[in-house]
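The values are calculated or read from the model by the stated rules, or taken from the named source; none is laboratory data. All of these numbers come straight from a predicted model, not from anything done at the bench. Positions of Cβ are generated from backbone atoms using ideal geometry, with glycine treated the same way; all protein chains shown enter the neighbour counts.
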Amino acid sequence: MTSSSNCFFLVSLVVLLLFFLGSTLTMASTKDIDSICNDSFVHNHNKTLCLQTLTAYPPAVSATNMVNLVKVTVDLVRTQAKKRAGFVAGLEKEPTFNKTMCYESYISIVENFRSARLEIEDNDAQTASYDIMVSFDQTKIVKDQVGKNTDKASKRLMEMTLVMEDFIAIAVGAINRI
Ligand SMILES: *[C@@H]1O[C@H](CO)[C@@H](O)[C@H](O)[C@H]1NC(C)=O
Ligand SMILES: *[C@@H]1O[C@H](CO)[C@@H](O)[C@H](O)[C@H]1NC(C)=O
Ligand SMILES: *[C@@H]1O[C@H](CO)[C@@H](O)[C@H](O)[C@H]1NC(C)=O
């Protein structure tokens with residue numbers, strides 16, 4: 001072999017190795033995502049949302065182990081709560097529901113998830129699980145506030161809150177894996 005074909009061979013080998021390594025890591029994460037989304041709690045909410053969200057989220061797909069995937073999932077759900085707090089805060093007119101109460105409920109969820117994230121870091125999955133579960137108390141407060149109001153902002157917030165519950169369920173599925 002000439003040295004240039006030698007070099008070509010080596011480069012090909014490295015590319016091939018990286019490819020296999022890459023697909024093994026991806027497979028590990030896909031398996032972990034499936035196992036989170038197959039949790040019975042997630043089943044009772046929205047498994048499709050779980051699979052679609054996590055498989056389309058690069059930090060979840062590239063997570064190299066379950067604990068990392070759980071952390072990434074908790075961060076993702078916290079971001080969802082933050083978005084909703086922002087939606088409530090940004091309503092221009094005084095809505096038919098108590099805006100302060102709904103905003104504070106969503107901020108509590110953000111705080112619960114911030115605590116949960118630190119607790120996972122401290123290997124305290126049990127407390128993290130508690131902080132995630134009590135977030136449903138906050139979505140209930142929002143739902144009770146909005147009630148059967150039929151104005152546009154109310155309907156939108158109710159919709160967003162129901163999906164928020166599906167997201168919290170994904171975090172429950174995740175924390176149940178560690
Ligand atoms: C999903 O969960 C069910 C029951 O909880 C179990 O029997 C099944 O093997 C699981 N599937 C996967 C892909 O983990
Ligand atoms: C579940 O989530 C998917 C994806 O976001 C959505 O299209 C579907 O309507 C949801 N199903 C229910 C029952 O909310
Ligand atoms: C709205 O909720 C806040 C916080 O819970 C409370 O202090 C306030 O009195 C409520 N406002 C009305 C109009 O009920």
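Can you tell me which residue within the range 70-92, out of those that are over 20 Å from E121 (Cβ atoms) and in contact (Cβ under 8 Å) with a residue 60 or more places away in the chain, is nearest to ligand 1 (Cβ to nearest atom)? Walk me through how you get there before you give the answer.
So in the range 70-92, the residues over 20 Å from E121 (Cβ atoms) come out as 80, 83-92.
The next check asks that each one be in contact (Cβ under 8 Å) with a residue 60 or more places away in the chain; those that pass are 80, 84, 87-88, 91.
Details: Q80: 24, R84: 30, F87: 34, V88: 36, L91: 40 Å.
The extreme case among them is Q80.
Can you name the helices (runs of 4 or more DSSP H) wholly within the range 111-178 that have at least 3 residues being within 16 Å of ligand 2 (Cβ to nearest atom) and surrounded by 16 or more Cβ atoms within 10 Å (Cβ to Cβ)? First the steps, then the outcome.
Numbers: elements: 125-133, 135-146, 152-175.
So the answer is 152-175.
Tally up the residues in the range 56-98 that are of a type in the set (S, T, Y), in a helix (DSSP H, G or I) and exposed (fewer than 15 other Cβ atoms within 10 Å of the Cβ), please.
Just the residues of the range 56-98 that are of a type in the set (S, T, Y), to begin with: 57, 62, 64, 73, 79, 96.
Those left that are additionally in a helix (DSSP H, G or I): 73, 79.
If we keep only those that are exposed (fewer than 15 other Cβ atoms within 10 Å of the Cβ) as well, we get 79.
Number of matching residues: 1.
Determine whether S40 is at pLDDT 95 or above, away from ligand 3 (no atom under 16 Å from the Cβ), surrounded by 15 or more Cβ atoms within 10 Å (Cβ to Cβ) and not hydrophobic (A, V, I, L, M, F, W, C). Spell out how you get there, then give the answer.
Numbers: at pLDDT 95 or above: yes; away from ligand 3 (no atom under 16 Å from the Cβ): yes; surrounded by 15 or more Cβ atoms within 10 Å (Cβ to Cβ): no; not hydrophobic (A, V, I, L, M, F, W, C): yes.
The answer is no for S40.
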Subset of the range 99-109 [surrounded by fewer than 19 Cβ atoms within 10 Å (Cβ to Cβ) and either under 18 Å from the mean Cα position of the chain (by Cα) or within 16 Å of ligand 1 (Cβ to nearest atom) (or both)]
I107, S108
